[in-house]
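So the structure is just underneath, and the comments pick up after that.
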Amino acid sequence: MKTLLIMRHGKSSWKQLDLDDKDRPLNRRGERDAPRMGQLIHELELIPQLVLCSSAVRAHQTADLMFANSEIKPEVTYHDALYMAEPEGYMDALRKLPDNLERVMIIGHNPGLEGLLNMLTGRIEPLPTASIAYVTMPIKSWGELDPVQMDTAELVEIWRPKEVLEKDKDKEKVKEKGKEKKKK
């Protein structure tokens, strides 16, 4: 069984209109969401062994911020071929991975990532910026990935930053109530 975490890069800035698309950095929301999603992955003990990342600045920054505060830092490799890749481009990159890797993350772009998720699981799901889809695949070798035979993978969960933020706020409220009860 192989595990794949599919992550769309964090929200990017459009302030500098003269920048090439590939050179656009994250905006404040992207800089806030990436570490939050990294913390979630850490708490769930889903740190990947390897991250395949688009070479776009916003994807690169997302990867850096995801694991900046993590004790366990995965290897991150940057690939020009993943910049605005189609689903098959992501599949090609995955097929080349060594079989000793059990959990891998891809950080890239839509619409290719949503297409990859659909190709693997048969599900159509939106992936807003900084969202992560957790997919398990009944394969022993990454080379077994075949888009014609796929849609046997299981979409275990999708985490979207807005929902994660709301859950974090709810946890804080519970903690505060607990502190108030202890004081009484």
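Values quoted throughout were computed directly from the atomic coordinates according to the rules given, and no laboratory measurement underlies them. On a predicted model such as this, the values are computed, not experimentally measured, just so you know. Ideal geometry is used to build each Cβ from the backbone, glycine not excepted, and the neighbour counts take in all protein chains shown.
Taking amide hydrogens as placed 1.01 Å from N in the peptide plane, the amide H of SER12 sits under 5 Å from those of ASN27, each at least 5 positions away in sequence or on another chain.
Considering only beta bridges that DSSP places wholly inside the range 2-183, some 45 percent are antiparallel. The calculated 222 nm mean residue ellipticity attributable to helices in the chain amounts to -12000 deg cm²/dmol, summing -39500 (n - 2.57) over DSSP H runs of n ≥ 4 and dividing by all residues. Given a Förster distance of 22 angstrom, what is the FRET efficiency for GLU71 paired with LEU165, based on the Cβ-Cβ distance and rounded to 0.05? Result of the calculation: an efficiency of 0.40.
Quick one: length gained pulling ASP20 to ASP64 fully straight, 0.36 nm per residue minus the C-alpha distance?
Difference between extended and current length: 13.8 nm.
Taking each of LYS140/LYS162; LYS22/LYS140; LYS73/LYS140; LYS73/LYS167 in turn, the alpha-carbon distance tops 28 angstrom for LYS140/LYS162; LYS22/LYS140. With springs only between Cα atoms under 10 Å apart, run a GNM on the chain and tell me which of GLU144, GLU45, GLU114 wobbles the most. For the chain, modelled as a Gaussian network with Cα springs under 10 Å, the answer is GLU45.
Build a GNM of the chain with springs between Cα atoms under 10 Å apart, and of MET137, MET37, MET66 the one that fluctuates most is MET137. Karplus-based coupling profile of the range 115-132, in residue order and whole Hz: x, 4, 4, 5, 4, 6, 10, x, 10, 9, 9, x, 10, x, 3, 6, 6, 10, with θ = phi - 60° in 6.51 cos²θ - 1.76 cosθ + 1.60 and x standing for Gly or Pro.
Relative contact order, whole percent, for the chain stands at 28, derived from Cα pairs under 8 Å and 6 or more residues apart. For Cα extents along the principal axes in Å, the candidate list reads (i) 62, 44, 31; (ii) 45, 44, 29; (iii) 60, 37, 35; the entry that matches the value derived from this model is (i).
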